[in-house]
Amino acid sequence: MANGRPEPVFVATLDRIEDEEAPLLTAFAAVRDVREGRTRAGRPYVDLELADQTRSVAGKIWDDASAAIQTAAGLRRGAVVKLLFRSEHYQGALQLNVRGIRTLTEREPGYDAGRVFGAGYPKVADSLCANLVFDIETVPATELATAPETIRKAVHRHAERQGGDEDMVMGLSPMLGKVVSLAYGEADAETDDGVRVLVVPPPEHDEAQRAAYPPWMQPVSEPELLEAFWALAAHAGVVITYNGRTFDVPFLVGRSLVHGIPARVDLLGNPYALRPHLDLYRVLTQGRPLGPMTLDMVCWSLGITSPKDEMDGSQVAPAYARGDIEMIATYNRKDVVATAAVFRRVREQVLRFRDDW
């Protein structure tokens, strides 16, 4: 006890807060959202959304903690903070009454990044992005012939309606397909130098072949790829995709469900919000049928090099079947470079004029 006040108790993870009875607690967390407001009486406050690998929790800073309010106002989404707080409940849910908050110092005692960002953090710790652009490539996860008859018939019917390609149908379903390549990079990088690709090697690739991959390709299992993605998303201030609300994110959520991996960041919430997930396709179409609006078409219209000149999605499964994972990763990487270029144009000419950006 210092100066008659009880020493705060450190809580290693947010899911253990309610197990503690101490009046003051401390913990590390990543900031998911910061919203400033005022009460009807004009008192300022800050609402926080905080998270680690175990849970998300709401935080509140009242004006009697003015230093904490000032600190919170300058935080970005994805920042890691140390909290001093009281554990309270509001409308039946846990809420942290935050008394103090600060960003971490170098080599912060007691801080474990894995506890905040999850098991995938070590694989991407040196390539975290504030403005994360990503894209995935998928293939069938199993042989259709091994599936139950009801599944085979469902795939066959769907393939007939879509043009007869059963492999394509399977590769587009998170229940029947798998992610074999996830390319990601910082949106402000204008070349592919900073774009990394997590790849799931074809089964026939041995250790020698994997060791020969280019340095920007990192071989992982699909569960490791998924864990790494959620760590990247948890750290990012904004996650940027092209049509990611329709395909990439639901696919990753579905595959995470299959593998029992928590989908720890909500990237499918309010479809009109620009953060945490900025889907450029939705920004350009606003959900209206405006004719073809593929990434290839947008790149052509804006004078941006298209990744579709050398390959398209229909060629991914055959390339994987013959073991050409580097071809897939190169194509995936170019998708990210193109998406980042579209983002920079949209940010400069559209987003900076919007109040919600």
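Suppose the filter is over 30 Å from T339 (Cα atoms), of a type in the set (F, W, Y), in contact (Cβ under 8 Å) with a residue 60 or more places away in the chain and surrounded by 14 or more Cβ atoms within 10 Å (Cβ to Cβ); does F117 pass it?
For F117, the condition - over 30 Å from T339 (Cα atoms), of a type in the set (F, W, Y), in contact (Cβ under 8 Å) with a residue 60 or more places away in the chain and surrounded by 14 or more Cβ atoms within 10 Å (Cβ to Cβ) - is not met.
Looking at Y272, is it in the same structural domain as D167 (by TED's automatic domain parsing) and in contact with a Leu (Cβ under 9 Å, 6 or more places away or on another chain)?
no
Restricting to region 83-104, what's the tally of residues that are farther than 12 Å from I61 by Cβ, among the aromatic types (F, W, Y) and in contact (Cβ under 8 Å) with a residue 60 or more places away in the chain?
Here the count works out to 0.
Out of curiosity, is L128 touching a Phe, Trp or Tyr at 6+ places or on another chain (Cβ under 9 Å), on the phi < 0 side of the Ramachandran plot and outside any helix (DSSP H, G or I)?
yes
Residue check: is A65 of a type in the set (A, V, I, L, M), surrounded by 12 or more Cβ atoms within 10 Å (Cβ to Cβ) and within 25 Å of the chain's Cα centre (by Cα)?
Criteria not met by A65.
Could we say that G42 is in a loop (DSSP other than H, G, I, E, B), at pLDDT 95 or above and not aromatic (F, W, Y) here?
yes
Tell me which residues, restricted to region 85-109, are under 15 Å from V9 (Cβ atoms) and either in contact with a helix residue (DSSP H, G or I) (Cβ under 8 Å, 6 or more places away or on another chain) or not assigned by TED's automatic domain parsing to the domain that holds R16 (or both).
Selection gives S87, L96, R99, G100.
Quick grid of which residues meet (1) surrounded by fewer than 16 Cβ atoms within 10 Å (Cβ to Cβ); (2) closer than 23 Å to E21 by Cα; (3) among the charged types (D, E, K, R):
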| residue | (1), (2), (3) |
| --- | --- |
| D47 | yes, no, yes |
| L50 | no, yes, no |
| V57 | no, yes, no |
| K60 | no, yes, yes |
| A72 | no, no, no |
| R76 | yes, no, yes |
| A79 | no, no, no |
| L83 | no, yes, no |
| A93 | yes, yes, no |
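Which residues, counting only those in region 181-203, are hydroxyl-bearing (S, T, Y) and under 10 Å from Y320 (Cβ atoms)?
Within region 181-203, just S181 meets the criteria.
Could you grab me the full set of residues in region 153-177 that are in a loop (DSSP other than H, G, I, E, B) and either hydroxyl-bearing (S, T, Y) or modelled with pLDDT of 90 or more (or both)?
L172, S173, P174, M175, L176
Are there helices (runs of 4 or more DSSP H) fully within region 217-314 with at least 3 residues that are of a type in the set (S, T, Y)? List them.
Where helices (runs of 4 or more DSSP H) fall fully within region 217-314, none carries at least 3 residues being of a type in the set (S, T, Y).
May I ask you to verify whether T150 is surrounded by fewer than 17 Cβ atoms within 10 Å (Cβ to Cβ), β-branched (V, I, T) and in a loop (DSSP other than H, G, I, E, B)?
So T150 does not fit the description; no.
Six or more apart or on different chains, Cβ atoms under 7 Å: show the pairs whose first residue is in region 302-326 and assigned by TED's automatic domain parsing to the domain that holds T142 and whose second is surrounded by 14 or more Cβ atoms within 10 Å (Cβ to Cβ) and of a type in the set (D, E, K, R).
The qualifying pairs are L302/R345; S306/D296; P307/K334; P307/D335; K308/D296; V316/E137; A317/D167.
Output yes when any residue across region 330-349 is part of a loop (DSSP other than H, G, I, E, B) and closer than 20 Å to Y184 by Cα, and no when none is.
Among the residues of region 330-349, not one is part of a loop (DSSP other than H, G, I, E, B) and closer than 20 Å to Y184 by Cα, which makes the answer no.
The values are calculated or read from the model by the stated rules, or taken from the named source; none is laboratory data. Keep in mind that what you see is a predicted model, and the values were worked out from it rather than measured. In this analysis, Cβ positions are derived from the backbone assuming ideal geometry, glycine residues included, and neighbour counts consider all displayed protein chains.
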